[in-house]
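Structure first, commentary second.
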Amino acid sequence: INGGALEWAQSYGVTDAISRKPVTPETRFQAASISKLVTAVAVMSLVQDGKIGLDDDVNHRLQSWKIPMNEFVRAQPVTLRRLLSHSAGVNVPNFLGYAADALLPNARQILNGWPPAKNPAVTVEVTPGRIWQYSDGGYLIAQQLLEDLDGQPFAELARRRVFDKIGMTRSTFAQPLPADLAESAASGHRVDGLPVEKGWYVYPEAAAEGLWTTPTDLAQLMIALQQANAGKTSQLLSADLTKSLFTPQIGNSAFVGPIKGAGDAAWFSAGGSTAGFRCLMVVFLNTGQGAVVMTNSENGHFLAMEIMRGIAQVYHWPDFRAVEKTAVSLSAERYAAYAGQYEFFEPAGMRLQVTAGDGRIQVTLSNQAFELFPENEMTFFEPLSGMTITFMPHDDGQIKGLLFTPPLSPQPWVARKL
């Protein structure tokens, strides 16, 4: 995106490692957590129509399911503002997806944690409004609320309220992907280069993870939002409601993710990870610049980061340059506390190995080893890719897990220490 318009789109590689069919700009990819940005736009469309307020208690408007009452919900209401900004205290950070031929749960089964759903029941475990806590579960609540208010399936609602309005003709929230659309979809690939079984996983939690789209369609959405934010068009939303998408809530997290920079240098990034897919977008709100990269590989974050840096250099983006950081000194005992194996909740079964010694820490992920440096006692960074790791301690100080943030992604991957 340059000068507030789509300057070019280009494809590379193949849709799957078996057929070797070339990718084209029309090939659909799973957008993973970038789905949340589209969901936020759909929510604001209902707010604009007066169907609900951002600060209404959603339990008063939910019809087919209610958030279980507990001490946290009694203390503070769950609202759309809190759900969209990951500050509603909702659990279930990530949904794992289902094999293409698996029995799929419906929304009520997922919300209640009933088989064949894989997740625990979606509930509030922290007082709403108190902290930032990433939650796919919160976006499923928003999905159910939108369906209750609109009376139509979420995929149809998003088509009518978002895609059709700005010509996103290659986008759908339909889960599973209909056969006629699957013909133009890329297959996901594991870290070893082999295709995902049956091509991809299915995500009935569509609002959080289920968007199929192209980089061009996402660029069209970003252009429309850039223009609305500048008051040039109200094709989707009014200028005021569009600005609210980019207004930080708790922990600098706006409805589109963390906002970085200021003035003309203000930008946000959104990333996503599903089984076999990695994607990344970077958008400057006030300069009409940005880019979208979608890959059908679990190694794709590193490629996307390299591509983005190249674009930033060629197009003279006002930010997105290398950032200098100073590594602090830690004791050998402190380093030893981090060592061990960590398992991610999503991608399912994926593990990360942390080794420590000689005053350094090394992380091995997908058969790739990286040396990380301590920014402080709990947060480490890798200077080339920009990835970070924040260790999570128990009350007794022992490490219980970590948050792994891929390059430029606002979505941390949560892992427990084995």
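Odds and ends about this structure:
- Pick from the range 389-404, criterion open to solvent by 30 Å² or more (accessible area, probe 1.4 Å) and assigned to a strand (DSSP E or B), ranking: nearest to residue 326 (Cα to Cα): 390
- Conditions (1) closer than 20 Å to residue 143 by Cα; (2) open to solvent by 60 Å² or more (accessible area, probe 1.4 Å); number of the one not met by residue 197: (1)
- The combined condition, being outside any loop (DSSP other than H, G, I, E, B) and on the phi < 0 side of the Ramachandran plot, is not fulfilled by residue 19.
- Residue that is surrounded by the most Cβ atoms within 10 Å (Cβ to Cβ), among those in the range 256-277 that are more than 9 Å from the chain's Cα centre (by Cα) and among the polar types (S, T, N, Q): 274
- Candidates are the residues of the range 179-205 that are hydroxyl-bearing (Ser, Thr, Tyr) and more than 17 Å from residue 106 (Cα to Cα); the one that is nearest to the chain's Cα centre (by Cα) is 187.
- Residue check for residue 345: open to solvent by 70 Å² or more (accessible area, probe 1.4 Å), among the aromatic types (Phe, Trp, Tyr) and within 22 Å of the chain's Cα centre (by Cα): yes
- Pair list, Cβ < 7 Å and 6+ apart or interchain, from the range 120-149 residues that are over 23 Å from residue 272 (Cα atoms) to residues that are of a type in the set (Lys, Arg) and part of a helix (DSSP H, G or I): 128/82; 129/82
- Checking each residue in the range 102-130 for being over 22 Å from the mean Cα position of the chain (by Cα), surrounded by 14 or more Cβ atoms within 10 Å (Cβ to Cβ) and not in a loop (DSSP other than H, G, I, E, B) picks out 109, 112.
- Scope the range 80-119; condition free of Cβ contacts under 8 Å to residues at least 40 places away in the same chain and among the aromatic types (Phe, Trp, Tyr); matching residues: 114
- With respect to the conditions (1) in contact with a Lys or Arg (Cβ under 7 Å, 6 or more places away or on another chain); (2) at pLDDT below 90, residue 236 falls short on a single one, namely (2).
- Selected residue (only one of 369, 356 is touching a helix residue (DSSP H, G or I) at 6+ places or on another chain (Cβ under 6 Å), open to solvent by 10 Å² or more (accessible area, probe 1.4 Å), at pLDDT 80 or above and not aromatic (Phe, Trp, Tyr)): 356
- Number of the exception - residue 362 against (1) in a strand (DSSP E or B); (2) open to solvent by 60 Å² or more (accessible area, probe 1.4 Å); (3) in contact with an Asp or Glu (Cβ under 7 Å, 6 or more places away or on another chain); (4) touching a residue at least 24 places away in the same chain (Cβ under 8 Å): (4)
- Looking only at the range 26-62, and only at residues there that are within 13 Å of residue 236 (Cα to Cα) and open to solvent by 20 Å² or more (accessible area, probe 1.4 Å), the one that is farthest from the chain's Cα centre (by Cα): 49
- Filtered residues of the range 1-12 (kept if free of Cβ contacts under 8 Å to residues at least 24 places away in the same chain and open to solvent by 40 Å² or more (accessible area, probe 1.4 Å)): 7, 8, 10, 12
- Residues considered: 255, 302. Of these, the only one that is of a type outside the set (Gly, Ala, Ser) and either free of Cβ contacts under 8 Å to residues at least 40 places away in the same chain or closer than 28 Å to residue 191 by Cα (or both) is 302.
- The single condition from (1) closer than 27 Å to residue 110 by Cβ; (2) assigned to a loop (DSSP other than H, G, I, E, B) that residue 208 fails is (2).
- Of all residues in the range 148-177, those that are open to solvent by 50 Å² or more (accessible area, probe 1.4 Å) and either more than 27 Å from residue 93 (Cβ to Cβ) or among the charged types (D, E, K, R) (or both) total 9.
- Residue within the range 297-316 that is at pLDDT below 90, assigned to a strand (DSSP E or B) and touching a strand residue (DSSP E or B) at 6+ places or on another chain (Cβ under 8 Å) present: no
The values are calculated or read from the model by the stated rules, or taken from the named source; none is laboratory data. What you are looking at is a predicted structure, and each value in this text was computed from that prediction instead of being measured. So basically every Cβ, Gly included, is an ideal-geometry build from the backbone, and we count neighbours across all protein chains shown. Note: areas computed on protein heavy atoms with side chains; ligands, DNA, RNA excluded. Shrake-Rupley method; radii C 1.70, N 1.55, O 1.52, S 1.80 Å.
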